[in-house]
Amino acid sequence: NAGVTQTPKFQVLKTGQSMTLQCAQDMNHEYMSWYRQDPGMGLRLIHYSVGAGITDQGEVPNGYNVSRSTTEDFPLRLLSAAPSQTSVYFCASSYSAGTGGNGELFFGEGSRLTVL
Amino acid sequence: AQSVTQLDSQVPVFEEAPVELRCNYSSSVSVYLFWYVQYPNQGLQLLLKYLSGSTLVESINGFEAEFNKSQTSFHLRKPSVHISDTAEYFCAVSDHPGGTSYGKLTFGQGTILTVHP
């Protein structure tokens, strides 16, 4: 059982370049989310989805786009990378309350992004 | 809005000593509480969680945390730490089902626990 899979694990971009961080889960979870981790700031929510076709903004959404065309996939797009987006990005998934979820998130291994 | 404060950014301790990592939260609704652990260069793993019932919850590797509603705290403790416990620990809060923040965790800033031989 793979769980939550993120690719790539490492990426270096130049300012202004675009890229997509991929996230896939095989647990049939309804909820998926993206967080960024910065030293001393914990994890902050970027975008969130409660199901295919439904997305919402989190605490720090500026500069990022998401879409959810399938239950399994939740890609995060950086349209024009900036040095402030240098961070470690984590994708997470969970069951909804209707399917027995208790709020526990399952995390991927992370994607380390450096923007020069 | 919810918030979580971890009162210590770094906690150094010697092997076999006890440790407490402090966590306070703020919320206007009933919450679920979590502790996650992150080992170097890895993702986050659930350590333990409080959903309801007994206010004392335990993990399989000897950690425990106590939910204190009156003090809005969820401190993590271990009576005797090992070198392998060296990691960063995150406290997190979520609404109950039906709450606007259900399924979205609000994290504290993290506490780096370093266990010295």
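Summary of values
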read-out	value
Residue check, B:Gln45 open to solvent by 30 Å² or more (accessible area, probe 1.4 Å), within 12 Å of another protein chain (Cβ to nearest Cβ), without any contact (Cβ under 8 Å) to a residue 40 or more places away in the chain and under 14 Å from the mean Cα position of the chain (by Cα)	yes
Qualifying strands (runs of 3 or more DSSP E) (wholly inside region B:58-117; at least 2 residues being open to solvent by 40 Å² or more (accessible area, probe 1.4 Å))	B:64-68, B:111-116
Given (1) open to solvent by 20 Å² or more (accessible area, probe 1.4 Å); (2) under 11 Å from the mean Cα position of the chain (by Cα); (3) within 12 Å of chain A (Cβ to nearest Cβ), number of the condition B:Glu20 does not satisfy	(3)
Single match in B:Gly98, B:Gly62, B:Gly53 (criterion: among the small types (Gly, Ala, Ser), in contact with a His (Cβ under 9 Å, 6 or more places away or on another chain) and modelled with pLDDT under 95)	B:Gly62
Residues of region A:88-109 classified as crowded, with 22+ Cβ neighbours inside 10 Å and in contact (Cβ under 8 Å) with a residue 12 or more places away in the chain, total	9
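The values are calculated or read from the model by the stated rules, or taken from the named source; none is laboratory data. Computed from a prediction, not measured in an experiment: that's the story for all the values here. All Cβ positions, glycine included, derive from the backbone under ideal geometry; neighbour counts span all protein chains shown. The accessibility values were calculated without ligands, DNA or RNA, using every heavy atom of the protein model including side chains. Shrake-Rupley method; radii C 1.70, N 1.55, O 1.52, S 1.80 Å.
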